[in-house]
Amino acid sequence: MFRRTAVIATIAALALTLGACAGGSAAPDPTSSAAADADATLRVGLVLEPTNLDIRHTSGAALEQILVDNIYQGLVTRTQDNEIVDALASKHEISADGLTYTFTLHEGVTFSGGQPLTSADVVAAYTQVKDDETVVGHSDFADVASITAPDESTVVITLTQPNQNFLFALTTPAGLVFAKDDTTDLKTAANGTGPFTLADWKQGDSITFARNDAYWGEKAGVKEVVFSYIPDFSSGVNAALDDSVDVLTAVDPNLASRFEGTDFTITRGKTTDKAVLAFNNAAAPLDDPKVREALRLAIDHKALVEAVGAGQPLYGPIPELDPGYEDLSSLVSYDPEKAKALLAEAGKSNLGLTLTIPSFYGTTVATYLVSAFNKIGVKLTVNSVEFPTWLTDVYQNHDYQLSFVLHVEPRDFGSTWANPEYYFGYTNAQVSDLYEKSLRTVDADESAKLLAEAAKIVSQDNAADWLYVGETLTAVSPIVQGFPTDSINSRIDLSQITVTE
């Protein structure tokens, strides 16, 4: 289930959203008695602007974050805590053998262009995903045998074999529904079924959504949403403090103190963003398990999180919001003396290594690692590169020793640790077998147990070091109610947000 394009794009799209601050004000009071203004404009500050709006052919969280659930919808979607719920489908059923998915569509759904939604639209959209390799999510439909419409309100998808991740895949761009035979230029325009429509895009500046007053469900609580793109963290804080935005996402933890004494509330949100210190398992000296273990023993994870000012320690490849999560902290300790002993056993007492890191990550993590490794006799050289160079050298050519990036994609175990071709260079037949079994079982609990078992082996093999799982830090004005807290790196559901007078 290796999604090369999607992984590249999600790493790139969320590269700047490094986390949140350990601390902050209480969450906004959801019981506020102030009257909501149905004609209000919500102004949101974001970091990374999409290069185009074609979510069918362009991967990346910059698109998913704003378009999914707001402009476009799928048969199902997911909540902030990754629970799968119905969306355009009023209900769905999965056969006992895990091969047949039957969806019943809501009545009265229309696209913003005026076309009524029928099962034919779903069949056309999903058939394109299945047949066209250029469509985002094509690999997620590899097990699809057929997509049919017994009537205008029913869609039946049949698989060739059970796939525990298939329903989740339908919550991603692969599962979005588009109007059949639509001629909309999706790069610059949109025609979706969601609670908002695309009103304007000033490239290099902002994107504006308007409430879809013909929406089939509950109408959005604000008339308009303006996303302002502010890639400089300090400028983003300035925009919030001078009342240019009502909400600022991806607040730099080092700048959070500037909100102290203001009316803004700081919220911290969970993510599936895994801050991975990658080891090149396929090349010396990281092909030596003693060297890998020594490097992990040199890292005080709690101290690193304090230095970053964000996140929670993570000791394995699966974060808390994904199936298969298990606390693996008992597998890794902070023990520099043992680390030095392991390096001596491996004949690497005077080891020199290079860390290749994209330049936009700043210096905090790299500086900590240089110091930590120095204490065990390892000289770490930091090679800070532009992201395109990282993609070529590290991701594509596997030409590196150590690297660091934030892997943001949820449920990515199969494409990373069960995939020997991935840039980690990690191969373990038992792990791959456990993952395959987890994918094919129809029992979700059994699947999670198998994933947990595989993840534990990966951590025991010291295949990488998971420095922390990221948090999102968001500054919210007191006039805003209902702004999501968790998982907003991947999507921001605007439908329930209100702005008071």
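Do the conditions hold for Gly316, that is, is it of a type in the set (Gly, Ala, Ser), at positive phi and either at pLDDT 95 or above or within 27 Å of the chain's Cα centre (by Cα) (or both)?
no
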Q: Output the residue which, of all residues in region 360-378 that are part of a loop (DSSP other than H, G, I, E, B) and at pLDDT below 95, is surrounded by the most Cβ atoms within 10 Å (Cβ to Cβ).
A: Gly362
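For Gly45, state whether it is buried (at least 23 other Cβ atoms within 10 Å of the Cβ), modelled with pLDDT of 95 or more, within 18 Å of the chain's Cα centre (by Cα) and among the small types (Gly, Ala, Ser). First the steps, then the outcome.
Working: buried (at least 23 other Cβ atoms within 10 Å of the Cβ): yes; modelled with pLDDT of 95 or more: yes; within 18 Å of the chain's Cα centre (by Cα): no; among the small types (Gly, Ala, Ser): yes.
The answer is no for Gly45.
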Q. Could you say whether any residue in region 413-427 is within 14 Å of the chain's Cα centre (by Cα) and crowded, with 21+ Cβ neighbours inside 10 Å?
A. yes
(Q) Exactly one condition in (1) at negative phi; (2) within 26 Å of the chain's Cα centre (by Cα); (3) of a type outside the set (Phe, Trp, Tyr) is false for Ala149; which is it? (A) (2)
Q. Taking region 239-279 on its own, how many of its residues are out of contact with any helix residue (DSSP H, G or I) (no Cβ under 9 Å at 6 or more places or on another chain) and either among the polar types (S, T, N, Q) or part of a loop (DSSP other than H, G, I, E, B) (or both)?
A. 9
Q. Within region 48-98, can you find the residues that are in contact (Cβ under 8 Å) with a residue 12 or more places away in the chain, small (Gly, Ala, Ser), surrounded by fewer than 17 Cβ atoms within 10 Å (Cβ to Cβ) and under 21 Å from Ser119 (Cβ atoms)?
A. Ser90
Q. Restricting region 60-94 to residues that are charged (D, E, K, R) and in a strand (DSSP E or B), which is nearest to Tyr325 (Cα to Cα)?
A. Arg78
Q: Please find, within region 131-142, the residue that is farthest from the chain's Cα centre (by Cα) out of those that are surrounded by fewer than 20 Cβ atoms within 10 Å (Cβ to Cβ) and without any contact (Cβ under 8 Å) to a residue 40 or more places away in the chain.
A: Asp131
Q) Just to be sure, is Ser330 in contact with a strand residue (DSSP E or B) (Cβ under 6 Å, 6 or more places away or on another chain) and surrounded by fewer than 18 Cβ atoms within 10 Å (Cβ to Cβ)? A) no
Q: Among the numbered conditions (1) assigned to a helix (DSSP H, G or I); (2) within 11 Å of Ala298 (Cα to Cα); (3) hydroxyl-bearing (Ser, Thr, Tyr), tell me where Ser333 comes up short.
A: (1)
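Would a scan of region 334-345 turn up a residue that is at positive phi and in contact (Cβ under 8 Å) with a residue 12 or more places away in the chain? Outline the logic, then answer.
Taking region 334-345 and keeping what is at positive phi, we get none.
No, because not a single residue in region 334-345 is at positive phi and in contact (Cβ under 8 Å) with a residue 12 or more places away in the chain.
Of the residues Asp273, Asp246, which single one is in contact with a Leu (Cβ under 8 Å, 6 or more places away or on another chain), at pLDDT below 95 and either under 30 Å from Asn428 (Cβ atoms) or crowded, with 22+ Cβ neighbours inside 10 Å (or both)?
Values: Asp246 fails: at pLDDT below 95.
Answer to the selection: Asp273.
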**Q.** Options Glu501, Glu453, Glu446, Glu436: the member that is at pLDDT below 95 and surrounded by fewer than 21 Cβ atoms within 10 Å (Cβ to Cβ)
**A.** Glu501
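Can you find a residue in region 200-215 that is surrounded by 15 or more Cβ atoms within 10 Å (Cβ to Cβ) and within 30 Å of Leu439 (Cβ to Cβ)? Before you say what the answer is, go through the steps one by one.
Pass one, region 200-215, residues surrounded by 15 or more Cβ atoms within 10 Å (Cβ to Cβ): 201, 206-212, 215.
From what is left, the residues that are within 30 Å of Leu439 (Cβ to Cβ) are none.
Within region 200-215 (the criterion being surrounded by 15 or more Cβ atoms within 10 Å (Cβ to Cβ) and within 30 Å of Leu439 (Cβ to Cβ)), the answer is no, since none of the residues qualifies.
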(Q) Suppose we filter Lys348, Lys338 for residues that are in a loop (DSSP other than H, G, I, E, B) and of a type outside the set (Gly, Ala, Ser); which single one remains? (A) Lys348
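Can we say Thr171 is of a type in the set (Val, Ile, Thr) and out of contact with any Lys or Arg (no Cβ under 7 Å at 6 or more places or on another chain)?
Working: of a type in the set (Val, Ile, Thr): yes; out of contact with any Lys or Arg (no Cβ under 7 Å at 6 or more places or on another chain): no.
Considered against the rule, which asks whether it is of a type in the set (Val, Ile, Thr) and out of contact with any Lys or Arg (no Cβ under 7 Å at 6 or more places or on another chain), Thr171 comes out as no.
The values are calculated or read from the model by the stated rules, or taken from the named source; none is laboratory data. On a predicted model such as this, the values are computed, not experimentally measured, just so you know. Virtual Cβ from ideal backbone geometry, glycine too; neighbours counted across all protein chains shown.
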